[in-house]
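Enquirer: Shown below is the structure under consideration.
The values are calculated or read from the model by the stated rules, or taken from the named source; none is laboratory data. Quick caveat: nothing in here was measured; it's all calculated off a predicted structure. Virtual Cβ from ideal backbone geometry, glycine too; neighbours counted across all protein chains shown.
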Amino acid sequence: MENDFQALISKPTAAYAEAVRFFNGVGMLNDALSRLVHDLEARHIDYAVVGAIALNQHGFQRLTVDIDLLLTKEGLERFRDELIGLGYRPAFDGAKKKFRTTNENIPVDIITTGEFPGDGLPKPVVFPDPADFTIVIDGVKTITLEKLIELKLASGMTASDRLKDLADVQEMIKIKHLGAQFAQELDESVRAKFIELVESVFGSNDLE
C-alpha cells in the first residue's frame, strides 16, 4: 500500500526519498507527528516527545522510523481509552505501550513517568512527568535538552545494547558545543560520563 510506512521504508529508493522529506520537515512521519500532537493537545493529555524525534527537535538530524512519546500513567490510560480506534491501534494483540497509526502504520512507542532508562533497573535518573520538563519547539512539546541528555547517558551507561545513546550525546555535545560546565545541569550519577564524552569530542581543553 502506498500509504503504508513500513512497506515504504522496506524499499531503498523510496526509503531514501522519505528520509529526505523527513529532514525537510514533511513526509509521512512528520504528518503523523503533527496529527498526534493535535490529538493529545485537543484532549489536554500532557506529553513530551523523546528519543530520536527529540534529538531532531533539538537540532541533531537523525533518521527515525517511529515516534517515542512520554506520558504519565494516567495519560497512557487516556490515550488507550480516547484514541484507540480514532487513528491509532495496538501494534499487536495485548500491546500495552506500543501502538501504530491507523493511516500510515507508523509505530508510536510510549514510555511512562517513573520508568527507568537503559536496563530498566532503579537508578537516580528516571523518566519524569512530561509537564515538568518540556519545551515547545515548532509547536511540539519536547523533552528539555538537559533531561534528554541525562536520560540518554543513564541509558547508555547501564544497557550494553544502548551504546548508541552515548553516541547521541556525543553528537549533541558537538552540535550544541556543550562544555564540561553543562554537567552541572545533570544528575550527579551521570556527570562524570558526560565530562568524559566532552573530552572525547573536544579534548581536555573544552570550553568552560
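Enquirer: Go through the residues of the stretch 113-135 one by one and say whether even a single one is under 16 Å from the mean Cα position of the chain (by Cα), under 30 Å from S10 (Cα atoms) and among the hydrophobic types (A, V, I, L, M, F, W, C).
Expert: Checked the stretch 113-135: no residue is under 16 Å from the mean Cα position of the chain (by Cα), under 30 Å from S10 (Cα atoms) and among the hydrophobic types (A, V, I, L, M, F, W, C).
Enquirer: Just one of (1) modelled with pLDDT under 95; (2) not in a helix (DSSP H, G or I) trips up H44, so point out which.
Expert: Of the numbered conditions (1) modelled with pLDDT under 95; (2) not in a helix (DSSP H, G or I), the odd one out for H44 is (1).
Enquirer: Next up: Between D109, D168, D161, which is acidic (D, E), surrounded by fewer than 18 Cβ atoms within 10 Å (Cβ to Cβ) and in contact with a helix residue (DSSP H, G or I) (Cβ under 9 Å, 6 or more places away or on another chain)?
Expert: Being acidic (D, E), surrounded by fewer than 18 Cβ atoms within 10 Å (Cβ to Cβ) and in contact with a helix residue (DSSP H, G or I) (Cβ under 9 Å, 6 or more places away or on another chain) holds for just one of D109, D168, D161, which is D109.
Enquirer: I'd like the full set of residues that are closer than 21 Å to K123 by Cα, among the basic types (K, R) and in contact (Cβ under 8 Å) with a residue 40 or more places away in the chain, limited to the stretch 153-194.
Expert: Selection gives R162, K193.
Enquirer: Answer yes or no: is there a residue in the stretch 98-110 that is in a strand (DSSP E or B), free of Cβ contacts under 8 Å to residues at least 40 places away in the same chain, in contact with a Phe, Trp or Tyr (Cβ under 9 Å, 6 or more places away or on another chain) and of a type in the set (D, E, K, R).
Expert: yes
Enquirer: Looking at G156, G139, G114 in this structure, which one is surrounded by fewer than 20 Cβ atoms within 10 Å (Cβ to Cβ) and in contact with a Lys or Arg (Cβ under 8 Å, 6 or more places away or on another chain)? Before the answer, list the steps.
Expert: Working: G156 fails: surrounded by fewer than 20 Cβ atoms within 10 Å (Cβ to Cβ); G139 fails: in contact with a Lys or Arg (Cβ under 8 Å, 6 or more places away or on another chain).
Residue meeting the stated conditions: G114.
Enquirer: For the stretch 44-80, what are the residues that are out of contact with any Gly (no Cβ under 8 Å at 6 or more places or on another chain), more than 19 Å from R162 (Cα to Cα) and in contact (Cβ under 8 Å) with a residue 40 or more places away in the chain?
Expert: A48, Q57, H58, G59, L71, T72, G75 - these are the residues of the stretch 44-80 that are out of contact with any Gly (no Cβ under 8 Å at 6 or more places or on another chain), more than 19 Å from R162 (Cα to Cα) and in contact (Cβ under 8 Å) with a residue 40 or more places away in the chain.
Enquirer: Identify, please: which residue in the stretch 81-94 is touching a residue at least 12 places away in the same chain (Cβ under 8 Å) and assigned to a helix (DSSP H, G or I) and is, among those, surrounded by the fewest Cβ atoms within 10 Å (Cβ to Cβ)? Quick ask: steps written out before the conclusion?
Expert: Our first condition is that a residue be touching a residue at least 12 places away in the same chain (Cβ under 8 Å); within the stretch 81-94, this holds for 82-84, 86-89, 91.
From the residues that got through so far, the ones that are assigned to a helix (DSSP H, G or I) too are 82-83.
On the way: E82: 15, L83: 18.
Filtering the stretch 81-94 for residues that are touching a residue at least 12 places away in the same chain (Cβ under 8 Å) and assigned to a helix (DSSP H, G or I), the one surrounded by the fewest Cβ atoms within 10 Å (Cβ to Cβ) comes out as E82.
Enquirer: Part of a helix (DSSP H, G or I), modelled with pLDDT of 95 or more and not hydroxyl-bearing (S, T, Y): does that describe E74?
Expert: Against the criterion (part of a helix (DSSP H, G or I), modelled with pLDDT of 95 or more and not hydroxyl-bearing (S, T, Y)), E74 qualifies.
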